[in-house]
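K.L.:
Take a look at the following structure, please.
The values are calculated or read from the model by the stated rules, or taken from the named source; none is laboratory data. All values derive from a computational prediction rather than experimental measurement. When we count neighbours, we look across all protein chains shown, and the Cβ atoms used for this are built from the backbone with ideal geometry, even at glycine.
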């Protein structure tokens, strides 16, 4: 009997946060065989406790493929936040050494690195699926998601944010920017969106609060590292006195959407899903 996609054994390459947990809940509900590849210093230890898993250091590629063989894996999904490791944190086995030799300049950007990893995994016969293939309901819908509405200045700040991210996109830098009354208070770098929001708190000017704009890169690998927000994003926005968040619809994930939008509504913060044509007008 042929297996359906929901029956195929799947491996989860897990980082931090809520997304890996949500995927495991789906696997359990579908009675789907799975194993978690957890990474030292990255994956939450308490998350994998009691679940089928294997711990890896970055670079242990051969060990990972042995795990895939042992569990008869047919698909792979990557999910969760990860901090880019330093060279000291990478402990390659023989297979990992061969991958590093092939990587070259593609290691310079997060998106290029992820594309390389996916290509190499699929060359070995393991299809990589995106979290949204399993959790489609997490994608940001288009339109206003809260009662609060962006005013004229907020729309100008959103436009300014899109302009900045469009320029930065080819450099594979970040996916978010905070703009206040036309001034760019901060651009997301290696620290991630939450740290960006914290950082701009000390830079804000008197007057209307800033706006967070979060958009996928033009060349974004859809199966990994899609822009993601959640209730934590709103909590950070409240502390930094932001008044709104604009996200690219269909290419940004919202975790715990109901709780996130309720908190945004209670605090008068707008959350807006932008059409991809608005985020990438030149495409």
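K.L.:
Just to verify a result, which residue in the range 45-64, among those that are touching a helix residue (DSSP H, G or I) at 6+ places or on another chain (Cβ under 7 Å) and either in contact (Cβ under 8 Å) with a residue 40 or more places away in the chain or outside any strand (DSSP E or B) (or both), is nearest to residue 7 (Cα to Cα)?
P.N.:
Among those that are touching a helix residue (DSSP H, G or I) at 6+ places or on another chain (Cβ under 7 Å) and either in contact (Cβ under 8 Å) with a residue 40 or more places away in the chain or outside any strand (DSSP E or B) (or both), it is 51.
K.L.:
Also, I was wondering about something else. Taking the range 196-220, which residues are in contact with a helix residue (DSSP H, G or I) (Cβ under 8 Å, 6 or more places away or on another chain), surrounded by fewer than 23 Cβ atoms within 10 Å (Cβ to Cβ) and assigned to a loop (DSSP other than H, G, I, E, B)?
P.N.:
Hits for the range 196-220 are 208, 218, 219, 220.
K.L.:
Going by the structure shown, is residue 148 assigned by TED's automatic domain parsing to the domain that holds residue 273 and in contact with a strand residue (DSSP E or B) (Cβ under 9 Å, 6 or more places away or on another chain)?
P.N.:
So residue 148 fits the description; yes.
K.L.:
So which residues in the range 68-92 are surrounded by fewer than 16 Cβ atoms within 10 Å (Cβ to Cβ) and closer than 25 Å to residue 32 by Cα?
P.N.:
69, 70, 72
K.L.:
When you go through 250, 186, 232 one by one, which is the residue that is part of a loop (DSSP other than H, G, I, E, B) and either within 30 Å of residue 121 (Cα to Cα) or at pLDDT 90 or above (or both)?
P.N.:
Residue meeting the stated conditions: 250.
K.L.:
Moving on. What is the one condition in (1) within 28 Å of residue 224 (Cβ to Cβ); (2) crowded, with 19+ Cβ neighbours inside 10 Å; (3) outside the structural domain of residue 58 (by TED's automatic domain parsing) that residue 121 does not satisfy?
P.N.:
Unmet condition: (3).
K.L.:
Here is a further query. Among the candidates 13, 23, which residue alone is in a strand (DSSP E or B), in contact (Cβ under 8 Å) with a residue 60 or more places away in the chain and in contact with a strand residue (DSSP E or B) (Cβ under 6 Å, 6 or more places away or on another chain)?
P.N.:
Within the list 13, 23, the selection yields 13.
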